[in-house]
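Asks: Structure below; questions to follow.
The values are calculated or read from the model by the stated rules, or taken from the named source; none is laboratory data. All of these numbers come straight from a predicted model, not from anything done at the bench. Here Cβ is always computed from backbone atoms with ideal geometry, including for glycine, and neighbour counts include all displayed protein chains. Surface accessibility is based on the protein's heavy atoms, side chains included, excluding ligands, DNA and RNA. Shrake-Rupley method; radii C 1.70, N 1.55, O 1.52, S 1.80 Å.
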Amino acid sequence: MQKLPPIEKIYEAYSALADNRIKIGEGFADVLSSDSAKSYKVVWKDNTYSSTDNATYWQGYAGYPVIGVLILQSKLTVDTTIFEHFSDVNWNSLNKKHNRDYRAALLEVFSEKKLLPEQIDTIEQKTQQVFEQLKTLDIKIVRTLK
């Protein structure tokens, strides 16, 4: 992958998966935002992906909709028991509240979910493993798929 997302985008993907907000079709997926106000379309052909979410479209890295699709396609191996800790999280409002400080937003989620320090350590270690997979994944992110 040419440009890596902030690791916190993986946690946003966990939420989308926990809440069943990703619906996959043939070569595309529809992803509902965490506040249900928007829907994003992820499209792929072979190892090239595009998405209408802001991160993927404007920043050029895999946003949470693409990461969620990669997990569902088994291109990223994840401990799915992590997902339950991230259900019903409104990332949109948290990211705005923390002025796009994604780490601060994540820490608030950990606090709100009353996760113990050892739980947080385990979740972060497992998420780091997913991030390492993402680094070596042979995919290309484009603004629009032709």
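Asks: So, in the stretch 88-140, of the ones that are touching a helix residue (DSSP H, G or I) at 6+ places or on another chain (Cβ under 6 Å), in contact (Cβ under 8 Å) with a residue 40 or more places away in the chain and open to solvent by less than 30 Å² (accessible area, probe 1.4 Å), which residue ends up farthest from Val42 (Cα to Cα)?
Replies: Looking at residues that are touching a helix residue (DSSP H, G or I) at 6+ places or on another chain (Cβ under 6 Å), in contact (Cβ under 8 Å) with a residue 40 or more places away in the chain and open to solvent by less than 30 Å² (accessible area, probe 1.4 Å), I get Ile123.
Asks: Condition check: out of contact with any helix residue (DSSP H, G or I) (no Cβ under 9 Å at 6 or more places or on another chain) and farther than 21 Å from Gln133 by Cα. Does Gly60 satisfy that?
Replies: Working: out of contact with any helix residue (DSSP H, G or I) (no Cβ under 9 Å at 6 or more places or on another chain): yes; farther than 21 Å from Gln133 by Cα: no.
Criteria not met by Gly60.
Asks: With the condition being at pLDDT 95 or above and of a type outside the set (Ser, Thr, Tyr), I'd like the strands (runs of 3 or more DSSP E) fully within the stretch 1-93 carrying at least 1 qualifying residues.
Replies: Output list reads 22-24, 28-32, 39-45.
Asks: Another one. Residue check, Leu116 against (1) modelled with pLDDT under 95; (2) of a type in the set (A, V, I, L, M); (3) over 16 Å from the mean Cα position of the chain (by Cα), all met but one. Which one?
Replies: (1)
Asks: Tell me, which residue of the stretch 22-48 that is in contact (Cβ under 8 Å) with a residue 40 or more places away in the chain and farther than 21 Å from Phe83 by Cβ is farthest from the chain's Cα centre (by Cα)? Let's see the steps before the verdict.
Replies: If we filter the stretch 22-48 for residues that are in contact (Cβ under 8 Å) with a residue 40 or more places away in the chain, which is where we start, we get 22, 24, 29, 33-35, 37, 43-45, 47-48.
Now drop any that are not farther than 21 Å from Phe83 by Cβ, which leaves 37, 43-45, 47-48.
Values: Ala37: 17, Val43: 15, Trp44: 16, Lys45: 20, Asn47: 18, Thr48: 17 Å.
So, considering only residues that are in contact (Cβ under 8 Å) with a residue 40 or more places away in the chain and farther than 21 Å from Phe83 by Cβ, the one farthest from the chain's Cα centre (by Cα) is Lys45.
Asks: Would you confirm whether any residue within the stretch 31-46 is closer than 17 Å to Arg100 by Cβ and either among the small types (Gly, Ala, Ser) or surrounded by 20 or more Cβ atoms within 10 Å (Cβ to Cβ) (or both)?
Replies: In the first step, residues of the stretch 31-46 are kept if they are closer than 17 Å to Arg100 by Cβ; the result is 33-35, 38.
Checking which are either among the small types (Gly, Ala, Ser) or surrounded by 20 or more Cβ atoms within 10 Å (Cβ to Cβ) (or both) leaves us with 33-34.
Yes, there is a match, as at least one residue in the stretch 31-46 is closer than 17 Å to Arg100 by Cβ and either among the small types (Gly, Ala, Ser) or surrounded by 20 or more Cβ atoms within 10 Å (Cβ to Cβ) (or both).
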